[in-house]
Structure formats: structure tokens, C-alpha cells
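The values are calculated or read from the model by the stated rules, or taken from the named source; none is laboratory data. Everything quoted here is computed from the prediction, not taken from an experiment. Positions of Cβ are backbone-derived with ideal geometry, glycine not excepted, and every protein chain shown enters the neighbour counts.
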Amino acid sequence: MAREEDRDAPAAPPGAAGDLHSFAVALRRTQGEINRLVHGFAQAQGLHPTDVQALAVVLDSPEPLTPGRLREHLGLTSGAVTACLDRLERAGHVRRSRESADRRVVHVHYEDGARAAARRYFLPLAEATARARDRFDADELAVALRFLNVLNDELGALRVPRR
């Protein structure tokens, strides 16, 4: 959330480093470019783009992921998450297991073979990121990464209405 003093600050001139509109345009462009690549991967794998979003959540989860947490993160219904996981499991991208003491708890795991396929497909994205990163010094990158992490925390705190 914006701090009180930030809300009362005058708007930055268009195109200035602090201009909210310029940030919004740049972030939408980044999202669009990444979505274009995600849609291509989904099509190449016979998946829906939402399935690829789910794969990213599974891959990035710091702890074992449950279908319920995936549902909350993606803002989908339980049935939609089940259908998504069924497609991903059939395609060999994930597996579900009951590894905890409570056998009712299901965990979703990214399959190693699927990881290799994703790495191959997204290698150009990694290379483009490395080329862009190389244009900045360590201090600039630290600020950019801090901004992205704070923005992601703010966005993560927003709740989407349940479907």
C-alpha cells in the first residue's frame, strides 16, 4: 500500500522516473511480452495458458503446494484447478502425491522431465533477461529487484473475487 506521504506527493511529469502511468505502460508491455511466450509454450505443449500459469506457481512455491493454495493464487474454482491439474498430470508436467502425515493432503510437484522442456523453450527469455541485466550495474539491479519484490508483495496482498 502507498504510504500517506506518497499519496499526497505531486504527480511526476509524464515520462519521469516516478511517473505512475509510465510504470503501468512498461509493466503491461512486459506482461504482454511474457504472455506471448507463455501462450506459445502452452500451444506447443497442448496446454491452456492457465495451465502454464499453474506450472509457474508450482515451480516458484517455496513449500509443497496444495491444490487449495493453487486455487487461491490463481483465483479459480476448485473444479477448474482439478481440471488444470488433470491436464498437467496427463501431459507429464506435474504429479500429485500424499506425502504428509495427513493422507487427505495432496501436494503438487513439478516433474523433472517437464522442467527440462520448459528450460529449453524459455531459454530465449533467459538469454534476453541476461542481455538486459548486463546493461545495468549491481546497484541499479538491486533497486530494480527491490522494486519488483515490493510490487509483487503489494499485488499478492490484493484478493481477487472468488468465481
Tally time: how many residues in segment 59-87 are over 19 Å from Arg104 (Cα atoms) and under 17 Å from the mean Cα position of the chain (by Cα)?
9
Out of the helices (runs of 4 or more DSSP H) lying entirely within segment 66-163, which hold 1 or more residues that are at pLDDT below 90 and within 19 Å of Gln53 (Cβ to Cβ)?
67-74, 112-133, 138-157
I'd like the full set of residues that are surrounded by 11 or more Cβ atoms within 10 Å (Cβ to Cβ) and among the charged types (D, E, K, R), limited to segment 100-131.
Glu111, Arg115
Among the candidates Ala114, Ala80, residue that is small (Gly, Ala, Ser), closer than 24 Å to Leu37 by Cα, touching a residue at least 12 places away in the same chain (Cβ under 8 Å) and touching a strand residue (DSSP E or B) at 6+ places or on another chain (Cβ under 9 Å)
Ala114
